[in-house]
Amino acid sequence: MIVLKLGGSVITDKSTPETVDEPALERAATALAAAREREVVVVHGAGSFGHRHAAAHGVTPTEGTHDPEALWEVHDAMRRLNDRVTGAFRAAGLAPAPVHPFSLCHRDAAGALTLPVGGIATTLAEGFVPVLHGDGVVHRDRGVTILSGDELVVRLARDLGADRVGLCSTVPGVLRDGEVIGRIDALSEVSDVLDGAEGVDVTGGMAGKVDSLLGLGAPGRVFGPDALEAFLDGEPVGTLVDGRED
Ligand code: IP8
């Protein structure tokens with residue numbers, strides 16, 4: 001089973017508010033529909049949908065809000081983006097099942113995330129493709145904070161026992177001097193090359209992604225949209241991030 005993150009910057013135009021990159025989304029949907037691997041959980045990022053609303057209200061994964069407008073604007077934007085993603089998946093012949101994390105998850109006062117995966121496992125077993133997304137999340141004593149797609153990927157991979165994890169980003173992998181780094185075993189190996197994401201992003205860019213993947217019990221790969229089909233077919237694309245002990 002694969003957990004795949006479609007980066008927000010892949011499926012939206014991050015420089016223009018609430019704009020879907022239709023051709024890119026369609027290409028991703030076509031690649032998924034053509035894949036031999038049928039068991040895939042998809043998580044998509046926020047891109048130009050959720051991050052602007054989160055930033056406008058000062059909401060981050062740790063800074064919360066009790067403002068109902070902030071909750072609505074962040075969640076509504078992500079729900080609408082999820083509609084577009086599942087719509088493109090249906091058009092490509094897939095059987096997407098939307099899953100809205102805001103309605104499913106919560107954090108305790110220490111920030112620990114509760115994410116029940118039973119429904120997602122059943123959705124997969126019944127032949128559907130669960131499609132989750134970064135979202136707001138109710139957070140004890142803080143109101144609502146942000147739950148990034150990367151955090152969801154890590155939890156889903158662990159709790160559903162994924163064999164492989166993929167982060168499809170706008171770059172062909174983690175880069176050093178323009179070259180794709182083949183393998184990363186520790187964050188310290190690449191601290192010189194990890195910087196922030198482009199556009200407004202409240203959840204951490206590439207450093208956060210690599211750090212998340214290093215915490216997995218499964219091999220993770222960071223790759224670009226052109227390599228999506230090859231990744232789904234099990235080819236060694238992009239950067240392998242593997243924090244497991246040898
Ligand atoms: O784009 C962020 O998810 P990400 C979610 O996966 C929101 O980091 C609502 C900003």
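The values are calculated or read from the model by the stated rules, or taken from the named source; none is laboratory data. Note that the coordinates shown come from a computational prediction; the quantities given were computed from them, not determined experimentally. So basically every Cβ, Gly included, is an ideal-geometry build from the backbone, and we count neighbours across all protein chains shown.
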What pairs come out if I take residues in the range 207-228 that are modelled with pLDDT of 90 or more and pair them with residues that are aromatic (Phe, Trp, Tyr) whose C-beta lies under 7 Å away, six or more apart or interchain?
Arg221/Phe231; Phe223/Phe231
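Tell me, yes or no, whether the range 117-127 has at least one residue that is within 24 Å of Ser9 (Cβ to Cβ) and either in contact with a Gly (Cβ under 9 Å, 6 or more places away or on another chain) or away from the ligand (no atom under 16 Å from the Cβ) (or both).
Looking for residues that are within 24 Å of Ser9 (Cβ to Cβ) and either in contact with a Gly (Cβ under 9 Å, 6 or more places away or on another chain) or away from the ligand (no atom under 16 Å from the Cβ) (or both), one finds none in the range 117-127, hence no.
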What's the number of the only condition in (1) more than 10 Å from the ligand (Cβ to nearest atom); (2) out of contact with any His (no Cβ under 8 Å at 6 or more places or on another chain) that His51 fails to meet?
(1)
Between a first residue in the range 1-13 that is touching a residue at least 24 places away in the same chain (Cβ under 8 Å) and a second residue that is surrounded by fewer than 24 Cβ atoms within 10 Å (Cβ to Cβ) and hydroxyl-bearing (Ser, Thr, Tyr), which pairs have beta carbons less than 8 Å apart while being 6 or more apart in sequence or on different chains?
Gly7/Thr170; Gly8/Ser48; Ser9/Thr170; Val10/Thr170; Thr12/Thr19; Thr12/Ser48; Asp13/Thr19; Asp13/Ser48
Check Ala56, Ala33, Ala77 and return the single one that is within 13 Å of the ligand (Cβ to nearest atom), out of contact with any helix residue (DSSP H, G or I) (no Cβ under 6 Å at 6 or more places or on another chain) and at negative phi.
Ala56
Filtered residues of the range 128-142 (kept if within 14 Å of the ligand (Cβ to nearest atom) and in contact with a helix residue (DSSP H, G or I) (Cβ under 9 Å, 6 or more places away or on another chain))
Val131, Leu132, His133, Gly134, Asp135, Gly136, Val137, Val138
Listed residues Leu152, Leu167; which is in a strand (DSSP E or B), within 12 Å of the ligand (Cβ to nearest atom) and under 20 Å from Ala88 (Cβ atoms)?
Leu167
Starting from the range 41-58, take each residue that is modelled with pLDDT under 95 and list its partners that are of a type in the set (D, E, K, R) and within 9 Å of the ligand (Cβ to nearest atom), counting only C-beta distances under 6 angstrom and pairs at least six apart or across chains.
His51/Asp201
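So, Ala157, is that one more than 14 Å from the ligand (Cβ to nearest atom), assigned to a helix (DSSP H, G or I) and under 16 Å from the mean Cα position of the chain (by Cα) or not?
Yes, satisfied.
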For the range 170-191, check the following and say yes or no: at least one residue is within 16 Å of the ligand (Cβ to nearest atom), in contact with a strand residue (DSSP E or B) (Cβ under 8 Å, 6 or more places away or on another chain) and free of Cβ contacts under 8 Å to residues at least 40 places away in the same chain.
no
If you check Val40, Val85, which single one turns out to be surrounded by 19 or more Cβ atoms within 10 Å (Cβ to Cβ), under 20 Å from Ala230 (Cα atoms) and not basic (Lys, Arg)?
Val40
